[in-house]
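Each value in this text was obtained by applying a stated rule to the coordinates, not by laboratory testing. Predicted model only: the values in this text are computed from it and were never measured. Heads up, the Cβs are rebuilt from the backbone with ideal geometry, glycines too, and the neighbour counts pull from every protein chain shown.
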Amino acid sequence: MSTSPRAFAPLDLLQIVAVAAIWGANNVAAKIALLWLPPFLTVAMRFLLVLVALAPWIRLPPQRGLPLLIAMLLCVGPLHFAIQYFGLHLARELAPMVVAMQLWAPASVVFAAMLLGERVGALRWLGVGLAFAGAASMNFDPSVFAQIAPLALVASAACLYGLGAVLVRKIGAASNPWVMQTWIALLAAPTMLIASAAFEGGQVEAVLRAPWYVWACVMFGGIVSSVVANAFMFRLVQRYEVSRTTPYLLLSPVLSFFLAAVVLGDHITWRIVAGAMATLAGVALVALAEGRFRTVATADAHAA
């Protein structure tokens, strides 16, 4: 993959800002949907939409290395989204959860060192420590400490995604992002439907009473966030290096914070802001020290 050190062209700049805005808004859209719908059912419907949109890219997976491929798909697909959405469902406020979502990047550094034997420089380790310390520091805020269970779930989901991103690199399976997306959807949609049937109740009643804007939020997650934003992002990572794109992508959690306060009425304290700033600074250090993007199956770690 070749990248260019030049500045963004106007259309590319518009696209990267659009990606950050889409992912930032989708965090709030997911939380709104989860106020009305069970979490596993919500994930299933999101991936059913992805599957319909990307049906032309359905391919049989390679038989060689299939167990490792399935493990990777589970990490970036149903396990990641099931745990994350369950955590969001339990959370009273969205802002701390958005911070925890960003931990996938430093977690991927740790897993890369463990599983791939990558040498990690001091700057990246500093970013890893700063990101996790920032997320942990939010627990000094009483309102966040009261949500420690959902925060732990969302952080765990982010770490699972980080593991999946490393497995993508290990098996070299990210050459066609649309094929990867269809594989994830093919695995996630039925497993989440089964999980919903087994562990959730009142699905029919929830579906019938959900207002129109809930379905708009679900469609936004499935079509706009998973398909459109990834289409933009895949084009951009082929043309620009990480130092150009990372600052714009960090607008995503900032927008989520703003929308969480305005739309959901979240009370964002100075401790949450300080923890978020430390975490985002750590993520930026990790990404900038990486020197280049490593394409992964889906960029949805930036958004719920």
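Miscellaneous remarks
- Legend: calculated FRET efficiency, Leu66 to Glu200, from the Cβ-Cβ distance at R0 = 45 Å, rounded to 0.05, equals 0.90.
- Span-rule helices in the chain, defined as complete DSSP H runs reaching 20 Å or more along the axis (Cα) with Kyte mean at least 1.0: 10-34, 39-53, 122-137, 148-171, 177-199, 270-290
- At full extension, Trp212 and His267 could sit 17.1 nm farther apart than now, given 0.36 nm per residue minus the alpha carbon distance.
- The base-10 log of I(q)/I(0) for the stretch 177-248, evaluated at q = 0.14, 0.19, 0.24, 0.28 Å⁻¹, reads -0.67, -0.95, -1.15, -1.22 [Debye formula, identical scatterers on Cα atoms, solvent excluded].
- Per-residue packing, averaged as other Cβ atoms within 10 Å, sorts the ranges 32-40, 161-169, 109-117, 186-194 into the order 161-169, 32-40, 186-194, 109-117, beginning with the highest.
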